[in-house]
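The next block holds one structure in the form of structure tokens; read it before the comments.
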Amino acid sequence: MKKKKKAVEPAAKSRGPRKRSRDDELVSGGDLITHGDLISKLPDDILCTIISLLPTKDGARTQAVARRWRPLWRSAPLNLDASKHLCSNDFKRFSLISKILSDHPGPARRFVVYSIRLHIAEKRYAEEAAQIENWFVFPALDNLQELDINFRQPFLSGRENRFPLPPSAFRLAPTLLVAKIGLCKFPNDIAHSLSFPLLKQLTLFRVSISEDAFSGVLSGCRVLESLKLQGIPDVNCLRISSTTLRIIIVCSLFERKGELFIEDAPCLERLLLNPGTGRDRETIRVIKAPKLEILGLLSARIPEIEIANIVFQRLIPSSLKVTICTVKVLALHFFSPDLDAVLDILRCFPCLEKLCL
């Protein structure tokens, strides 16, 4: 039997480009957007604001969305979060940070870089230190508003060596609104010449700084509202005088025994204390804070606290006749229930509205 030949179907006509529907539009740059792509219809300035709020990696990737988006990342304010998630390899991360700062024209709003660890070898250490010094010279950081930087130094010869904060970083002082600095050595020789005319929030975490340099930094902060101090080594006394401070946060302030004097803080409203797990390390004396409303955590871990001529020694007031009338919120910490001790403390705060135990 002869096999029947299969009918040959005519070749399908090649399809041309899809016709645009009435819901499709052409935007500048020739990119086609559909009715569902509403974000591409937004003006460039709004898109730049959105990009500036994205994580650094995601913001840079928007250049691949469409031709219209390619110049937007460079036009948007830079939000550079160079933490470990940007790159886990420290040396490559340093180079990547340098490349981003060189490619982006600025301005930068925020520069965050955590856990900077320099190589232990002398030559490599010098190369990485030079890269860090060079970061703050890039024009992209000219009008930086927020700086958050901390180091992670290796332990050498049984002690922790802190990397000195690069002097070039202080080039940014005139425009900073927020500064968070950790695990480094503050250059004491230039502290008194520094000026932070716009700085409102300052955090120092395990920063090696002398008492004199600390006073110099505070005197250069003309509008400072919030100050957080934690684990300041190499000193046993710090003094605070500021006409603008509203909030002071103290967390395990001294590595050894030390005293904190709040000598003159006419606008201070909140004094927040966290003694941590250590004991008998810090004595706190509040000499002048006429607007203090929120106080705590008072704990027996703080051996002595003096406020308005009342000395609390391990939460025991020196006098029940002197009162503090400005405090409205008080937080106390006891190792075990002690109703009599609580009542004695309450007699010192007759205008209290809220008590946290």
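The values are calculated or read from the model by the stated rules, or taken from the named source; none is laboratory data. Being a predicted model, the structure only gives us computed values, none of them experimental. Here Cβ is always computed from backbone atoms with ideal geometry, including for glycine, and neighbour counts include all displayed protein chains. Remember, those area values only see protein heavy atoms, side chains included, never the ligands or the DNA or RNA. Shrake-Rupley method; radii C 1.70, N 1.55, O 1.52, S 1.80 Å.
Is there a residue in region 111-119 that is within 26 Å of PHE205 (Cβ to Cβ), modelled with pLDDT of 90 or more, open to solvent by less than 60 Å² (accessible area, probe 1.4 Å) and more than 19 Å from the chain's Cα centre (by Cα)? Among the residues of region 111-119, not one is within 26 Å of PHE205 (Cβ to Cβ), modelled with pLDDT of 90 or more, open to solvent by less than 60 Å² (accessible area, probe 1.4 Å) and more than 19 Å from the chain's Cα centre (by Cα), which makes the answer no.
Tell me, please, whether a residue that is closer than 20 Å to THR203 by Cα and of a type outside the set (Asp, Glu) can be found in region 299-320.
Initially, region 299-320 is screened for residues closer than 20 Å to THR203 by Cα, giving none.
There is no residue in region 299-320 that is closer than 20 Å to THR203 by Cα and of a type outside the set (Asp, Glu).
Can you confirm whether LEU177 is under 30 Å from PRO71 (Cα atoms), crowded, with 17+ Cβ neighbours inside 10 Å, at pLDDT 90 or above and of a type in the set (A, V, I, L, M)? No; evaluated as a whole, the condition is false for this residue. Scan region 223-250 for residues that are within 19 Å of GLY296 (Cα to Cα), touching a Ser or Thr at 6+ places or on another chain (Cβ under 7 Å) and aliphatic (A, V, I, L, M) and the total you get is 1. Looking across region 191-212, the residues that are over 25 Å from ARG117 (Cβ atoms) and among the aliphatic types (A, V, I, L, M) come down to ALA191, LEU194, LEU198, LEU199. For region 49-73, taking the residues that are without any contact (Cβ under 8 Å) to a residue 24 or more places away in the chain and of a type in the set (D, E, K, R), the one that is nearest to PHE111 (Cα to Cα) is identified as ASP58. Only a single criterion out of (1) open to solvent by 30 Å² or more (accessible area, probe 1.4 Å); (2) closer than 22 Å to GLU127 by Cα; (3) of a type outside the set (S, T, N, Q) is not satisfied by ALA82, namely (1). Consider ARG281 carefully, then state whether it is open to solvent by 50 Å² or more (accessible area, probe 1.4 Å), in contact (Cβ under 8 Å) with a residue 24 or more places away in the chain, over 25 Å from ALA341 (Cβ atoms) and out of contact with any Leu (no Cβ under 6 Å at 6 or more places or on another chain). Spelling it out, it is not the case that ARG281 is open to solvent by 50 Å² or more (accessible area, probe 1.4 Å), in contact (Cβ under 8 Å) with a residue 24 or more places away in the chain, over 25 Å from ALA341 (Cβ atoms) and out of contact with any Leu (no Cβ under 6 Å at 6 or more places or on another chain).
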